[in-house]
Amino acid sequence: MKSLSKILNILFLSAVLIGIPQFSFSVPEEISVQAGYLKAILAQADEAYFNRDESIMGNEAYDALRRRYDQLVADYPELAENAGVGAADERNTVPHQKPVLSLKKAYADSDVEAFIESCGTESLFCVEPKIDGLTIVLHYQNGVLVRALTRGDGKNGQDVTREAMAAGCVPTTLKGKPSSLCVRGELYFTQEAFEKLNARRASDGKKTLKSARSSASGTLRLYDYAEISRRGLSLSIYEWIESDLVPSTHQEAMAILWELGLPTIESVAVPADQLLGEIARLNGRRSGLPFETDGIVIKVNDRHRFNDMGATAHHPRAALARKYRSKPELTQLLRVEWSQSDAGKWTPVAHFVPVEMGGATLQSATLHNENHLRALDLRIGDWIQVIRAGGTVPEIIGVCTERRTGKEKPVPGIPEKESAEE
């Protein structure tokens, strides 16, 4: 126990030195330290994803860290004061009229069944594909587009009105003239448009783009409006936020938006006892959809019921994202080695007992940085959960702490870190 206390003290002091947020001392020290690391790596992941169109880890690895962080905040309310994790580009930002929230994620049918119970089995539920693109919030006044904002950190978004107009897929005027209308949707590349873009880049001798989602976000960062227009972005609206009109259901709202000339998401309303079947049907169609999707969205159709259920600081209680998690393989962590880039950045590489996944033998996984390593709370000898993110990249998404025997050893820090800082 003395050695563990010593290790935690070192971690705590290190966290202070490198600027990781600390919390109330009424929270156990080891929890405070881990929460600090979790907050730091999640903030880095958000900043990269929302501001630089990059992903420093796969969705499942991010979700696992987010669930752990949210659980700590739930268990220790004192952490809530500093619990915000998000990213807003400070350039040209504008406050959202209403917070742009995320969705709670479900990875099993049992999670969906619990969601149904919380909403009421008498409810109708809308089922929609979750498009993997760039969230955009559109504001219309008297039928004219006056502002387009990115999601940002959910409270403030970047003004991309001119870029959205240049894209050509965002209607600048509506077929009707509601005095005010605010909607939320997704800008994305269809598979066909993305292939055409890469073919054009290849013929021009330019590097082809890897991610349709990141490329959609990156397109709105271009200064060349003609290039934005040529790229062929698409738009699907999936949320009615505010208006002087008051539709009673989500289905009615989508119908009104379609009549106004806004492209809307394909949405099917079903009773509770048919919800799981509809989810399975849509999942079976995923490979045939013209765009990339990272799950299925479920929401209560009745907008009054939806609003009455309210929201947490993170997600509305009447909506859910059904995600499809890769089946993790259990293996044992053997060691962690540190790799240094030419620029001097240290990256931890975890080596584990080899496992077979998808026809490949996996035996190591790269973590983003030391914050990522400490947030996972890895120890040499731990039983860990490994997946292939996107079917290719090995990632560690969790630790089986219940299998610890007490013989596990702490992971060493960056080599000669102290002397390097001196």
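None of the figures in this text is laboratory data; all of them are computed from the coordinates on show. In this text the structure is predicted, and so the values were computed from the model without any measurement. Every residue, glycine as well, gets a Cβ built from its backbone with ideal geometry; the counts of neighbours run over all protein chains shown.
Cα convex hull, region 93-322: 120 Å³ per residue, rounded to a whole number. Taking the 0 to 90 degree range and rounding to the nearest ten, how far is the long axis of helix 29-51 tilted relative to the main principal axis of the chain, both from C-alpha atoms? Long axis of 29-51 versus the principal axis of the chain: about 40 degrees.
Counting only alpha carbon atoms, the long axis of helix 275-284 and the longest principal axis of the chain meet at about 80°. Placing pseudo-labels 7 Å out from each Cα toward the beta carbon at Glu192 and Ser339 gives an inter-label distance of 4.0 nm.
Between Lys207, Lys177, Lys299, the GNM of the chain built on Cα springs shorter than 10 angstrom shows Lys207 fluctuating the most. Which FRET efficiency value, to the nearest 0.05, is calculated for Tyr324 and Thr361 with the Förster distance at 22 angstrom and r the Cβ-Cβ distance? After rounding to 0.05, the efficiency reads 0.35.
Each residue, Trp346 and Glu30, gets one label point 7 Å from its Cα in the Cβ direction; the gap between the two is 2.3 nm. Placing a label point 7 Å from the Cα of Val353 along the Cα-to-Cβ direction, the residues of region 365-391 whose backbone N falls under 15 Å from that point are 380-386. Note on region 93-322: lysine pairs with Cα distance below 24 Å, sequence gap of 8 or more or different chains, count 18. Taking square-rooted eigenvalues a ≥ b ≥ c of the alpha carbon gyration tensor, is region 294-404 rounded, prolate or oblate, where a/c under 1.5 means rounded and, failing that, a/b exceeding b/c means prolate? It comes out prolate by the Cα gyration axes. A cut-off under 14 angstrom between Cβ atoms defines the neighbours of Leu174, and their net charge, with Lys, Arg +1 and Asp, Glu -1, is 0. Take every Cα pair under 8 Å whose residues are at least 6 apart in sequence, average their separation, divide by the length of the chain, and the relative contact order is 17 percent. A straight chain from Ser180 to Gln71 at 0.36 nm per residue would run longer than the Cα-Cα distance by 35.4 nm. Summarising the label geometry, the points placed 7 Å from Cα in the beta-carbon direction at Arg404 and Thr121 lie 4.1 nm from one another. Compared with the dominant principal axis of the Cα atoms in the chain, helix 59-75 is inclined by about 80°.
Taken over the Cα atoms of the chain, the convex hull encloses 170 Å³ per residue. For region 318-375, the square roots of the Cα gyration tensor eigenvalues, ordered a ≥ b ≥ c, give a/c of at least 1.5 with a/b no greater than b/c, which places it in the oblate category. In terms of Cα to Cα distance under 26 Å, which lysines are near enough to Lys409, apart from those fewer than 8 places away along the same chain? Partners within reach: Lys2, Lys6, Lys39, Lys345, Lys417.
Fully extending the segment from Ala313 to Ala255, taken as 0.36 nm per residue of separation minus the present Cα-Cα distance, adds 18.0 nm.
The stretch between Glu54 and Ala108, if pulled fully straight at 0.36 nm per residue, gains 16.7 nm over its current Cα-Cα span.
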